[in-house]
Amino acid sequence: MPLLTELQGNDEQYVLLACLDNARNLSNILKAIAFKDHALFTATSNGLKVTVEDSKCLQANAFIQAEIFQEFTIKEDMVSLQINLTVLLDCLSIFGGNTVPGVSTALRLCYRGYGYPLTLFLEEGGVVTICKINTQEPEEPIDFEFCSSNVTNKVILMSEGLREAFSELDMTSEVLQITMSPSQPYFRLSTFGNAGSAFYDYSKDSDMMELFQCTTTQNNRYKMALLKPSTKALALSCKVSVRTDSRGVLSLQYLVRNDDGQICFVEYYCCPDEEVDDD
């Protein structure tokens, strides 16, 4: 990062500084939650958490650990800011999102604090571009009160198995019904679309099933329009954890490996559809 290194003289003025040799490692994970324009960025010593919400029924969080960055410095316990995620992704791909082996865009992300813009220094092939993105008053995210002590059912699947299910189910359905049970059908996905009803079952002993922990039978329906954004994360992931709590709130946690083989997580929370009764 030769040219970006020369810009380090004013580092003391920043409350948050993060550097990546490959900006795609950040942009790819952010694309997995980019279903609304605005996102809340929360930085701690552990790394970055980026939150996007829709209709108070859906929340997506991308977790980028501090270890992912070549340099990660924070001078406060927590730094929060809200920005336009679409604009940020446009800036990160300003060099065209190069996929040529051995060629990458280096990123230096800087923030001076409340009221200041988020500044990006991007370098590729000796050319440096500076982008400044206006920040907004951060809004308090929804607390879905989803905690492990209230989880009733949990399965961990290989992502290719879930991708196969979605390719066979009728995605014109308004809802996706998820059945989780300690007995048959164990784990079932059902749709009710234009072509009629369809379902896809996973045995607890399936090759696609890494973990099966179901203590009670639950049938919950979720609006397909709310779940469709999560397919972006599914496409990137290698494993997915599916959990429900006693209220039927759904947690989908995706394990994603970036271009360098490092692990990030994307998590979606979705409220059950109150308007549809269980059969």
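Only the coordinates and a few stated rules stand behind these numbers; no lab work does. Computed from a predicted model, the values in this text were never measured in an experiment. With ideal geometry, Cβ positions are generated from the backbone for all residues, glycine too; neighbour counts draw on all protein chains shown.
Within the stretch 161-186, the residues that satisfy the criterion of being among the hydrophobic types (A, V, I, L, M, F, W, C) and without any contact (Cβ under 8 Å) to a residue 40 or more places away in the chain are Ala165, Leu169. Do we have Ala39 as outside any loop (DSSP other than H, G, I, E, B) and out of contact with any helix residue (DSSP H, G or I) (no Cβ under 7 Å at 6 or more places or on another chain) here? Here the answer is no, as Ala39 does not meet what is asked. Scanning the stretch 49-85 for residues that are in contact with a Phe, Trp or Tyr (Cβ under 7 Å, 6 or more places away or on another chain) and in a helix (DSSP H, G or I) turns up just one, Ala66. Taking the stretch 161-207, which residues are surrounded by fewer than 17 Cβ atoms within 10 Å (Cβ to Cβ) and part of a strand (DSSP E or B)? Passing the criteria: Gly193, Gly196, Ser197, Ala198, Phe199, Asp201. The lone criterion from (1) touching a residue at least 60 places away in the same chain (Cβ under 8 Å); (2) surrounded by 20 or more Cβ atoms within 10 Å (Cβ to Cβ); (3) in contact with a Gly (Cβ under 8 Å, 6 or more places away or on another chain) left unmet by Leu250 is number (3). Within the stretch 137-160, the set of residues being exposed (fewer than 15 other Cβ atoms within 10 Å of the Cβ), over 21 Å from the mean Cα position of the chain (by Cα) and touching a residue at least 60 places away in the same chain (Cβ under 8 Å) comprises Asn150 only.
Contact annotation: residue pairs with Cβ atoms under 6 Å, 6 or more positions apart or on different chains, pairing a residue in the stretch 57-76 that is under 13 Å from Arg257 (Cα atoms) with a partner that is among the aromatic types (Phe, Trp, Tyr) and in a strand (DSSP E or B), are Phe63/Phe265. For the stretch 113-136, the set of residues classified as within 24 Å of the chain's Cα centre (by Cα), under 26 Å from Gln59 (Cβ atoms) and hydroxyl-bearing (Ser, Thr, Tyr) consists of Thr135 only.
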